[in-house]
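The values are calculated or read from the model by the stated rules, or taken from the named source; none is laboratory data. In this text the structure is predicted, and so the values were computed from the model without any measurement. FYI the Cβ positions are ideal-geometry reconstructions off the backbone, even for glycines, and counts take in every protein chain you see. All accessible areas refer to the heavy atoms of the entire protein, side chains included, with ligands and DNA or RNA removed. Shrake-Rupley method; radii C 1.70, N 1.55, O 1.52, S 1.80 Å.
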Amino acid sequence: MQLPFKANKKLLGGGRNWIILVFSLLLAFFMWSMMKLSRRYSSYIKYQIEVVSNIEGRKNTARSLDVLVIGAKSTGFNILQNRKENGNLLHLDAVDAKHFHGVEKTDIFYLIPDDIKKQVQDALGKDFVVESFATDTLFFRFPEQWNRKVPVRENFLITYKGQYMPYSPMTVRPDSILIYGDRDVIAKIEEVVSYPVKIDNVSGTLSGVATLKEIEGVRFSHDEIFYNQEVGRYLEKTLTVPVVITDAPSYANVAIVPQQVEIRYREPFSNPARYGIRDFQVGISYNEILHKDVVKPRILKMPDNILSIRMEPLFVECVL
């Protein structure tokens, strides 16, 4: 039997009311859940810890053999996202080797989580506040690696502004590093080299960091070197200085041609001094004269603050 039109309309209207009611309840539940999950709670979360360290003679990376249980405060959203049975993976860079303690005659090392609390907090970020650790000790396996100490060769391409020069040699720290890897590979490595550092028109003290070139399959104890060089303005002066013969016996009769050389030296612009012939000495050894007719004189004496010095001519003739 067909219901009148007005009855059908009434039933349809009641169905719409039920749909609206269910939707309202779902929306209310969603809003309530969002509000609850947005609040901050204290809870325990699990993490497996992956560390990078620099324990001498050992591989530099390892994962904890067990999980670290962290008591932390965060929003319900973050706690739910990090609730995994086997724990999430938390990566910690540059964990100081001093925090690791070796188990005798094994590759096992352990650390106390409280010693790295700040690094754990930094790795978790601002979304979590670390309150405590339920795990009192974490164990790691760091297998042995072959290692060898090799020198560092810098690769600097530097030009100096006119009237400027180095006041000191370039120094690098460290000047040698440990390399780790397969025994046959590292046995063939005699040095490590930095990437080129090109600096032009330098007019002041140089300092900075240079990166070392990677070698496949090899780990370095340091990836960078620090360099420093004092640079300043200079004055250049010339003097004519006689050439003397050292260790000559009293009966020796030697003629030197020329008897004098011109020296051209540089000194700091900020601390000029009035030097004379007596402040320098250029000489040749009598023993050299006995074996050579042409000898290169040497600088036997000069003031301490001379930056560089050269002679003209470089050689003299000797006639006995």
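Among the listed pairs Lys118/Lys213; Lys59/Lys117; Lys73/Lys117, give every one whose C-alpha distance is greater than 21 Å. Among Lys118/Lys213; Lys59/Lys117; Lys73/Lys117, the Cα-Cα distance tops 21 Å for Lys118/Lys213; Lys59/Lys117.
In the context of the full protein assembly, Phe315 retains an accessible surface of approximately 110 Å², using a probe radius of 1.4 Å and ignoring ligands and nucleic acids. Packing around the peptides 182-195, 164-177, 245-258, taken as the average count of other Cβ atoms within 10 Å per residue, puts them in this order, highest first: 164-177, 182-195, 245-258.
Per-atom-type breakdown for the stretch 123-278 gives carbon and sulfur 47% of the accessible area (1.4 Å probe, protein chains only). Annotation: amide H-H contacts under 5 Å for Tyr160 (H modelled 1.01 Å from N, sequence separation of 5 or more, or interchain): Asn201, Val202.
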